[in-house]
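Before any comments, here is the structure.
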Amino acid sequence: MSLTFHWFLPTNGDSRHVVGGGHGTPATASGRDRPPTVAYLSQIARAAEDLGFVGALTPTGAWCEDAWLTTAMVSQHTERLKFLVAFRPGFVSPTLAAQMASTFQRQTGGRLLLNVVTGGESHEQRAYGDFLDKDDRYRRTGEFLKIVRELWDGKSVDLAGEHLRVEDAKLARLPEPVPEVYFGGSSPIAGEIAAKYVDVYLTWGEPPAQVAEKIGWIRGLAAKEGRTLRFGIRLHVITRDTSAEAWAEANRLLDGFDAETVKSVQAGLARSESEGQQRMLALHGGSRDGLEIHPNLWAGIGLVRGGAGTALVGSHEEVAERIKEYAALGIEEFVLSGYPHLEEAYWFGEGVLPRLAAEGIWRHPAGGQQPAEAQVPFAG
């Protein structure tokens, strides 16, 4: 088995400091340090491609640029990298989304992956004209995925659901290949949707024991549907030649969190309806103390950022060991990021991936090409 690694395109802006925001909170001022231009995002994408990442996640929400449009443009500056496009099913019709995905596949040579985000913040959803409550949003997501998958199978679809209705829906041209669907959610109804319709279940970076519980839960639900899923995890990374250097960088980032920003972001995230977000908040409790919640797993990012709030911090050897620990639980795909995203891609790609390759649990998707272990002169 070869583990799969994805990187992240910071369409909310990038910086040598943490860019906060997400889950109904705006991007912090640091997002203006490196604006998310097509040129800069393409630079990150090409670096990720060369280093051996398979894809790049692009977020969705009011805090960032539109993922569909941005990745369509960046795809023209890359050759192999896939794009894990986050989108919210309530904002576009299922037939149009299926058509968009089909077009994306043809125009990029099959480089689309879909990250379905149901939406955990009702106040943000209402800004887009969506007034369903959380459980109904998940039910709509289920209907949406049922329609889209049948369209991708070449079927003509008639469905009069609780939330969606289509008549004689069909695609003139089918996607090749059919995009894989990624999905995350910690509530009971999210688990039901995942078990029925998705290919890869994603969790945020909780400690291994909690991740193991989630995997067992979803595996059980999927088995009842006669299905098997793959599992992925979303984490930040701070990896350096020595553990001391990595923790010094984590502390530098922490020192950049002013008290008012932390207070404001935490107040906003506390209103989140997302069970996953509440689980993230519980890892640090809004405090700067005790942020290493498992060896080399640091919850500091979550003080100012919604969504993924934990980072693997340590030497290249330590980070590789933590990845192996998660892999032993059943995690096959790792969706990673780091500040700044250009430099941190090199730290991980040149420091950690060669170690995993040497152990036979990762190989460069381009075949014989392997990133050489090297210093990164401009990172720090």
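The values are calculated or read from the model by the stated rules, or taken from the named source; none is laboratory data. Remember, predicted model here, so these are calculated numbers, not experimental data. Positions of Cβ are backbone-derived with ideal geometry, glycine not excepted, and every protein chain shown enters the neighbour counts. Ligands, DNA and RNA are stripped out before the accessible areas are found, and what is left, the full protein with its side chains, is counted by its heavy atoms. Shrake-Rupley method; radii C 1.70, N 1.55, O 1.52, S 1.80 Å.
For G90, are the conditions met, namely being open to solvent by less than 40 Å² (accessible area, probe 1.4 Å), in contact with a Ser or Thr (Cβ under 9 Å, 6 or more places away or on another chain) and in a helix (DSSP H, G or I)?
The answer is yes for G90.
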Pair list, Cβ under 8 Å, 6 or more apart: region 126-137 residue farther than 13 Å from E162 by Cβ, other residue aromatic (F, W, Y): Y128/F91; D130/F91
Residue check: is T70 part of a helix (DSSP H, G or I), touching a residue at least 60 places away in the same chain (Cβ under 8 Å), under 18 Å from the mean Cα position of the chain (by Cα) and farther than 18 Å from A345 by Cα? yes
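Restricting attention to region 184-236, and to residues there that are acidic (D, E) and open to solvent by 20 Å² or more (accessible area, probe 1.4 Å), which single residue is nearest to the chain's Cα centre (by Cα)? I'd like the intermediate steps shown before the answer.
Step one: filter region 184-236 for residues acidic (D, E), giving 192, 199, 206, 213, 225.
Next, from what is left, pick out any that are open to solvent by 20 Å² or more (accessible area, probe 1.4 Å): 192, 199, 213, 225.
Values: E192: 20, D199: 14, E213: 20, E225: 25 Å.
Here the answer is D199.
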So F231 clears everything in (1) aromatic (F, W, Y); (2) over 28 Å from F83 (Cβ atoms); (3) at pLDDT 95 or above except one condition, right? Which one? (2)
Among L159, L84, which is the only one that is crowded, with 20+ Cβ neighbours inside 10 Å and assigned to a strand (DSSP E or B)? L84
Within region 291-306, does at least one residue satisfy the condition of being open to solvent by 70 Å² or more (accessible area, probe 1.4 Å) and either closer than 30 Å to A195 by Cβ or aliphatic (A, V, I, L, M) (or both)? no
Within region 257-278, is even one residue more than 25 Å from G119 (Cα to Cα) and either open to solvent by less than 10 Å² (accessible area, probe 1.4 Å) or touching a residue at least 24 places away in the same chain (Cβ under 8 Å) (or both)? yes
Look at P35 and say whether it is at pLDDT 95 or above, buried (at least 18 other Cβ atoms within 10 Å of the Cβ), out of contact with any Phe, Trp or Tyr (no Cβ under 7 Å at 6 or more places or on another chain) and closer than 16 Å to E343 by Cα. no
